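Undergrad: I have a structure I would like to understand better, so I am pasting it below and will then ask my questions one at a time.
The values are calculated or read from the model by the stated rules, or taken from the named source; none is laboratory data. What you see is a predicted model; the values in this text were computed from it and never measured. Cβ atoms come from the backbone with ideal geometry, glycine included; neighbour counts cover every protein chain shown. The protein model used for the area step is the full one, side chains on, heavy atoms only, and it has no ligands, DNA or RNA in it. Shrake-Rupley method; radii C 1.70, N 1.55, O 1.52, S 1.80 Å.
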Amino acid sequence: MKPIKVGLLGLGTVGTGVVRIVEGHQEDLASQVGSPIQIGKVLVKDVSKSRSIHVPDHLLTENAWDIIDDPEIDVVVEVMGGIEPTKEYIMEALDRGKHVVTANKDLIALHGREIKAKAKEKRCDVFYEASVAGGIPIIRTLMEGFSSDRITKIMGIVNGTTNYILSKMSQEGAGYEEVLQEAQQLGYAEADPTSDVEGLDAARKMAILATLGFHADVSLEDVEVRGISRIKKEDIAFAKKLGYEMKLLGIAERQDDQISVVVQPTMVSTAHPLASVNGVFNAVYVYGEAVGETMFYGPGAGEMPTATSIVADLVAVIKNMKLGVNGQRALTPYKEKKLKSDEQIAYKNFILLHVEDKAGVLAQITQVFAEYDVSLDSVVQQPNPNNPDAEIIIITHYASRANMNKVFEHFEQLSVIKSIKSAYRVEG
Ligand code: NAP
Ligand code: HSE
């Protein structure tokens, strides 16, 4: 039987896993798709580099056009990363009628619309399961598993690096810088960790999930982002004391077709299943009007988990080829994007204030909340022998972001408040 030929762009961590799975699971894969799958050519930057997997020399190339222009190659698997020249390679491959599987969340979040339009025009598949939460099949779940439901909330721990750092800070009471350094030494965090720790990686993934879950074209600029680099170990200690874990959560919500998507450090109640997701693991919680609460958990990165998703996409492409239905799964957003205003976004808040320790201070503070219609869930004064000021911890009920902003502005003018030490969203 004629094999299906795959051109692999990249033979790094994920590319190596793809070769291992295609070779190691060959018999099962061929039984499922009805043809052998063959790695036809592999693009690398440096063919002379020593590799952890043997790929015959004649398959390796430093010239992408050896793959893009090869009429024998049916599917291009892109695992080289980056935006350019990667985007050009993908667009040119689609132009030549080749299907594309990619793990590249940056490219899909930034140029997904253009790439999907080209794929539709050329009746090609573009699948990108591995781009969000590595080994968790969350994209197929949103597109197919929940196609009958109306999703109203997606909350994700979609960045393993930051979850590792926050878990360590929580478990060991360690500071951010110390744990970041350790994560870099262990290879969990990159030498330049900005994209992970400032929440950009998570924001790209949440833009992809929100687009699929809400059927509206959510772009990166629509995602409000705050990373973890300013979280203090004291904040995490307070969170734990009150029954919360600090997590970098991506939260996408929809009410009456109004959408909001944020990535921000969030205090998650220990009763919520997301609170116990630790280390480099990822999890995505999805709430559907009909199904209710669901959660998907697993490895968010790594050679074999990520390659599992890539090869599953490859299987889907080949099955479509056999049926002659490629290019039909691309779900074009069909709802107009309407973003919520600050008046429409509401959540519970944790606030830590340092205030003058004298009579009447608490009354002044609660008066400000009352003025902006913010109801309080709890107020605790925390004794701290090292601090002559009083430490006040406040947890609000649901309050609109607009009203909370007014509260914070008012606090800046209140002389009894020495500083607003911390403020976090609370979930669960
Ligand atoms: P990687 O280990 O850095 O591998 C990149 C590969 O692409 C290398 O083989 C490199 O060649 C090749 N390459 C890069 N730029 C090239 C260029 N301009 N021309 C030719 N070849 C080029 O990357 P990775 O960790 O496998 O990640 C690949 C993609 O998967 C990225 O989009 C990433 O975001 C995504 N992803 C990764 C993970 C993960 O766990 N690593 C998880 C989910 C998604 P050389 O080998 O010769 O240097
Ligand atoms: N840097 C990402 C993470 C890798 O830490 O989750 C997977 O996309």
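Undergrad: From Ile83, Ile68, which residue is hydrophobic (A, V, I, L, M, F, W, C), touching a residue at least 60 places away in the same chain (Cβ under 8 Å), within 28 Å of Arg204 (Cβ to Cβ) and more than 9 Å from ligand 1 (Cβ to nearest atom)?
TA: Every option except Ile68 fails the conditions.
Undergrad: Further question: Mind checking which residues of the range 376-428 are open to solvent by 80 Å² or more (accessible area, probe 1.4 Å) and of a type in the set (Lys, Arg)?
TA: Lys406, Lys418, Lys421
Undergrad: Scanning for something in contact with a Phe, Trp or Tyr (Cβ under 6 Å, 6 or more places away or on another chain), within 16 Å of ligand 2 (Cβ to nearest atom) and not in a helix (DSSP H, G or I), does the range 182-189 turn up at least one residue?
TA: Taking every residue of the range 182-189 in turn, at least one turns out to be in contact with a Phe, Trp or Tyr (Cβ under 6 Å, 6 or more places away or on another chain), within 16 Å of ligand 2 (Cβ to nearest atom) and not in a helix (DSSP H, G or I).
Undergrad: Here is a follow-up. Look through Ile138, Ile115 and report the one residue that is crowded, with 22+ Cβ neighbours inside 10 Å, modelled with pLDDT of 95 or more and over 30 Å from Gly292 (Cβ atoms).
TA: Result: Ile115 is the single residue among Ile138, Ile115 that is crowded, with 22+ Cβ neighbours inside 10 Å, modelled with pLDDT of 95 or more and over 30 Å from Gly292 (Cβ atoms).
Undergrad: Same structure again: Considering only residues that are within 17 Å of the chain's Cα centre (by Cα) and open to solvent by less than 40 Å² (accessible area, probe 1.4 Å), look in the range 168-194 and name the one that is modelled with the lowest pLDDT.
TA: Ala189
Undergrad: Hey, does the range 223-236 have a residue that's over 20 Å from Ile165 (Cα atoms), in a strand (DSSP E or B), touching a helix residue (DSSP H, G or I) at 6+ places or on another chain (Cβ under 9 Å) and open to solvent by less than 20 Å² (accessible area, probe 1.4 Å)? Explain how you work it out, then say what you get.
TA: Residues of the range 223-236 that are over 20 Å from Ile165 (Cα atoms), as a first pass: 223-224.
Retained after the next criterion (residues that are in a strand (DSSP E or B)): 223-224.
From the residues that got through so far, the ones that are touching a helix residue (DSSP H, G or I) at 6+ places or on another chain (Cβ under 9 Å) too are 223-224.
With open to solvent by less than 20 Å² (accessible area, probe 1.4 Å) added as a condition, the list becomes 223.
Yes, the range 223-236 contains at least one residue that is over 20 Å from Ile165 (Cα atoms), in a strand (DSSP E or B), touching a helix residue (DSSP H, G or I) at 6+ places or on another chain (Cβ under 9 Å) and open to solvent by less than 20 Å² (accessible area, probe 1.4 Å).
Undergrad: Sticking with this structure for a sec: Out of all the residues in the range 287-315, which are open to solvent by less than 20 Å² (accessible area, probe 1.4 Å) and among the aliphatic types (A, V, I, L, M)?
TA: Residues satisfying the conditions are Ala307, Ile310, Val311, Leu314, Val315.
Undergrad: For Gly292, indicate whether it is away from ligand 1 (no atom under 16 Å from the Cβ), farther than 29 Å from Tyr128 by Cα and free of Cβ contacts under 8 Å to residues at least 40 places away in the same chain.
TA: Here the answer is no, as Gly292 does not meet what is asked.
Undergrad: A follow-up question, please. Return yes or no: is Ile53 touching a residue at least 60 places away in the same chain (Cβ under 8 Å) and open to solvent by less than 30 Å² (accessible area, probe 1.4 Å)?
TA: Here the answer is no, as Ile53 does not meet what is asked.
Undergrad: Follow-up question, since we're still on this one. Can you find a residue in the range 214-234 that is at pLDDT 95 or above, among the aliphatic types (A, V, I, L, M) and within 16 Å of ligand 1 (Cβ to nearest atom)?
TA: Yes, there is a match, as at least one residue in the range 214-234 is at pLDDT 95 or above, among the aliphatic types (A, V, I, L, M) and within 16 Å of ligand 1 (Cβ to nearest atom).
Undergrad: Here's something else I'd like to know. Is it the case that the range 270-277 has a residue that's more than 16 Å from ligand 2 (Cβ to nearest atom), under 19 Å from Glu427 (Cα atoms) and crowded, with 17+ Cβ neighbours inside 10 Å?
TA: Within the range 270-277, one or more residues are more than 16 Å from ligand 2 (Cβ to nearest atom), under 19 Å from Glu427 (Cα atoms) and crowded, with 17+ Cβ neighbours inside 10 Å.
Undergrad: Okay, moving on. If you go through the range 14-23 one residue at a time, do you hit one that is open to solvent by 10 Å² or more (accessible area, probe 1.4 Å) and within 25 Å of Lys118 (Cβ to Cβ)?
TA: The answer is yes, given that some residue of the range 14-23 is open to solvent by 10 Å² or more (accessible area, probe 1.4 Å) and within 25 Å of Lys118 (Cβ to Cβ).
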